[in-house]
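Data block below; observations after.
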Amino acid sequence: MQNSRSSQLFQKAQQSIPGGVNSPVRAFRSVGSDPLFIKKALGPRIFDEDGNGFIDYVGSWGPMILGHCHPQVAAAVKAAVDSGCSFGAPTELEITLAEMVIAAVPSIEMVRMVSSGTEATMSAIRLARGYTGRDNIIKFSGCYHGHSDSLLVKAGSGAATFGVPDSPGVPADFARHTLTATYNDLDSVRALIAENKDTVACIIVEPVAGNMGTVPPREGFLEGLREVCTQEGIVLIFDEVMSGFRVAYGGAQEVYGVTPDMTTLGKIIGGGLPVGAFGGKKEIMSLLSPAGGVYQAGTLSGNPLAMTAGIETLKLLQQDGFYQKLEEKSAFVAQGIAKAAQDAGVPIYSTRVGSMFCAFFSQNPVYDWESAAACDTAAFGKYFRAMLGEGVYLAPSQFETAFVSISHTEKDLEDTIAAAARCFKAL
Ligand code: KE4
C-alpha cells in the first residue's frame with residue numbers, strides 16, 4: 001500500500017507525532033506493515049482513508065462492544081454537546097453512571113471516575129498504599145495495566161510487543177517496589193509475599209489476561225489470590241479495564257465468582273469516549289480526597305459527554321439476552337478460526353473468554369507470559385497481513401486480544417472464518 005493515502009498520512013504523521021501515532025500498538029510495528037489511517041466506522045466495520053472497509057475485531061481495543069456509531073449512543077452524545085462539553089463541576093450524569101456501575105458490580109460500593117485505564121490503575125494503587133501504609137505491589141509478567149511508572153515493569157500489550165516490558169525512564173527506585181509474579185502460578189505469589197512480609201500493599205491482576213494475548217485464569221488461581229490477600233491484609237485489585245462489562249455485565253468477577261477489594265474499569269464504560277474508573281469497599285474509597293487524604297484529581301474526570309456515552313452504552317448492555325447473543329457469536333467465530341487452522345495443519349492454541357479471543361501461533365498451551373512469548377510472532381505477522389488483505393482487521397500484535405461486538409452479523413463471522421481458512425492455507 002505504498003502510495004495509499006494511509007501510507008502518505010503515516011509519512012506525514014511521523015514528522016509531528018513520535019512514531020506517527022498517539023499510542024504505540026497502533027503503529028503496526030510488530031506486524032511489518034504501515035498502519036491504516038481510519039476515516040470512519042459503523043457497526044462492525046472500519047473504513048480507511050482509501051475507502052477500504054474491514055470487519056473490525058479491535059473495536060478500539062475493547063470499548064466498542066455495541067459496534068461503532070450505535071445510533072442511540074451517537075444521538076445522546078450529539079444532544080449532550082448542546083448543553084456544554086465540560087464544566088469542571090459535578091453533574092447528575094456522574095451520579096447516574098456511578099450508580100449503574102455500583103449496581104452492576106456488587107464489590108464496588110463507591111467509585112471514582114477518571115479519564116483512562118492508566119489513571120484508574122495508578123490511582124487504585126496509590127489508594128491501596130495509603131490504606132495499608134505499605135509500599136510494595138505485586139503484578140504479573142505479561143499483564144498490562146497502563147503506562148504509569150509503577151506498572152511498566154514486565155508489562156504486556158505494547159510494552160511486550162516492542163520488547164520494553166521494563167521501560168527506560170522508570171527509576172530503579174520506583175521499579176523496586178513492583179514485584180512481579182507469574183500469571184496462573186500461586187506459588188510464585190506466595191514466595192514473593194514470604195520474601196517481603198507485611199510490605200505488600202496490593203496485588204493487581206487482570207482476572208482474564210488480555211495483554212499477552214487472551215489468557216484465562218486457571219482453575220483456583222483467582223480464588224487463591226483472594227485467599228492469600230485476605231490472610232495477609234493485602235488489597236486485591238482486579239484490573240477489569242478490558243474484561244469489565246465485556247465478559248459479563250458484572251465483569252470477570254461475576255464469571256469466576258471471586259470478589260476483589262477494588263476494581264478498575266475503563267473502555268466500555270466510556271462507550272468510546274475517555275473514561276476510566278476505580279472503585280471498591282467504602283472503607284477504602286473513603287480515604288480518597290476530598291473525603292480522605294489520598295490525593296487524586298482530573299480536569300476532565302466525569303466529563304458530561306463521556307458520562308453520556310457510558311450511560312447509554314450500559315443501558316443497551318442490560319437488554320435481555322445481550323450477553324447470550326454475544327457468546328454465541330464469539331464461540332462461532334473463535335471455533336471456526338481454530339478449525340480452519342487445524343484443517344490447514346497450522347499449529348494454533350486458541351483461547352476465549354466471552355467475546356475476548358485469541359489465536360496463539362504455538363504448538364503448546366499458553367497460560368502465562370513465558371509460554372506466550374514463545375509464540376511464532378513472525379507467523380502471526382504473516383497471518384495478520386493476510387487477513388488484512390482479506391478485509392479483516394485484527395489486533396496488530398500476537399500479544400493482544402480480538403473482540404467481537406454485538407453488531408457482527410453471522411455473515412461477517414462466516415466471511416471471517418472463510419478468510420482465515422484461505423490465510424492459514426497460504427502460510
Ligand atoms: P488506557 O490508559 O489505555 O485507557 O488503559 C490502560 C489499560 C489498563 N488495564 C488493562 C487491562 C488494559 O488492557 C489497558 C489498555 N489496553 C490496551 C490494549 N491492550 C490499550 C491499547 C493501547 O495501548 O493503545
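Computed from the coordinates by the stated procedures, all read-outs in this text should not be read as laboratory data. Keep in mind it's a predicted model, so treat the numbers as computed, not measured. Note: ideal-geometry Cβ built from the backbone for every residue, glycine included; neighbour counts use all protein chains shown.
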HN-Hα couplings for segment 128-140 via Karplus (6.51, -1.76, 1.60; θ = phi - 60°), in whole Hz with x for Gly/Pro, come out as 5, 5, x, 6, 9, x, 10, 9, 7, 10, 10, 10, 10
Going residue by residue through segment 289-299, the Karplus relation 6.51 cos²θ - 1.76 cosθ + 1.60 with θ = phi - 60° gives ³J(HN,Hα) values, rounded to whole Hz and with x marking Gly or Pro, of 4, x, 5, x, x, 6, 7, 6, 7, x, 3
The answer for chymotrypsin sites (Phe, Trp or Tyr not before Pro) in segment 9-89 that fall in a DSSP coil and have at most 12 neighbouring Cβ atoms within 10 Å is 87
Final fewest-first order of 177, 145 on the 10 Å Cβ neighbour count is 177, 145
Placing each pseudo-label 7 Å from Cα in the direction of the beta carbon, residue 39 and residue 299 end up separated by a distance in nanometres of 3.2
Largest first and rounded to whole Å, the semi-axes √(5λ) derived from the alpha carbon gyration tensor of the chain read 32, 26, 21
Placing each pseudo-label 7 Å from Cα in the direction of the beta carbon, residue 249 and residue 231 end up separated by a distance in nanometres of 3.6
GNM of the chain, Cα pairs under 10 angstrom: of 107, 362, 16, the biggest fluctuation goes to 16
Under 5 Å from the placed amide H of residue 400, counting only residues 5+ away or on other chains, we find 213
For 187, 48, ascending order of other Cβ atoms within 10 Å (fewest first) is 187, 48
In a Gaussian network model of the chain with springs linking alpha carbons closer than 10 Å, the residue among 264, 118, 401 that fluctuates most is 118
HN-Hα couplings for segment 258-263 via Karplus (6.51, -1.76, 1.60; θ = phi - 60°), in whole Hz with x for Gly/Pro, come out as 10, 9, x, 7, 9, 9
The chain, Gaussian network, Cα under 10 Å: of 143, 85, 375, the residue fluctuating most is 85
Computed about the Cα centre, the charge dipole of the chain from +1 Lys/Arg and -1 Asp/Glu charges at the Cβ has a magnitude in debye, to the nearest 20, of 800
Spelling it out for residue 43: with amide H atoms placed in the peptide plane at 1.01 Å from N, the residues 5 or more places away or on another chain with amide H under 5 Å from its amide H are 68, 69
Expressed as a percent, the portion of alpha-carbon pairs in segment 15-161 spaced more than 17 Å apart is 76
Subtracting the Cα-Cα distance of residue 324 and residue 69 from 0.36 nm times their residue separation yields 89.6 nm
For residue 374 and residue 418, extending 7 Å from Cα along the Cα-Cβ vector and measuring point to point gives, in nm, a value of 3.7
Using alpha carbon centers only, segment 227-272 is separated from segment 67-127 by a whole-angstrom value of 17
Checked segment 108-210 with the C-alpha gyration tensor, a ≥ b ≥ c its square-rooted eigenvalues, rounded below a/c of 1.5, otherwise prolate if a/b is larger than b/c and oblate if not; verdict rounded
Heads up, segment 1-71 by the C-alpha gyration tensor (a ≥ b ≥ c square roots of eigenvalues; a/c under 1.5 rounded, else a/b over b/c prolate, else oblate) looks prolate
Ordered by fewest other Cβ atoms within 10 Å, a rough proxy for footprinting exposure, 246, 5, 129 read 5, 129, 246
For residue 40, the lysines lying under 22 Å Cα to Cα, once residues fewer than eight places off in the same chain are dropped, come out as 12, 78, 267, 411
In nanometres, the difference between 0.36 nm per residue of separation and the alpha-carbon distance of residue 343 and residue 174 is 56.0 nm
For segment 71-317, the Cα-Cα pair-distance distribution in 5 Å bins from 0, as whole percents, is 1, 7, 14, 19, 20, 17, 11, 7, 3, 1, 0, 0
In units of 2.2 N^0.38 Å, the Cα radius of gyration of segment 284-427 is 1.36
Taking 0.36 nm per residue of separation between residue 78 and residue 197 and subtracting their Cα-Cα distance, the length gained on full extension comes to 37.6 nm
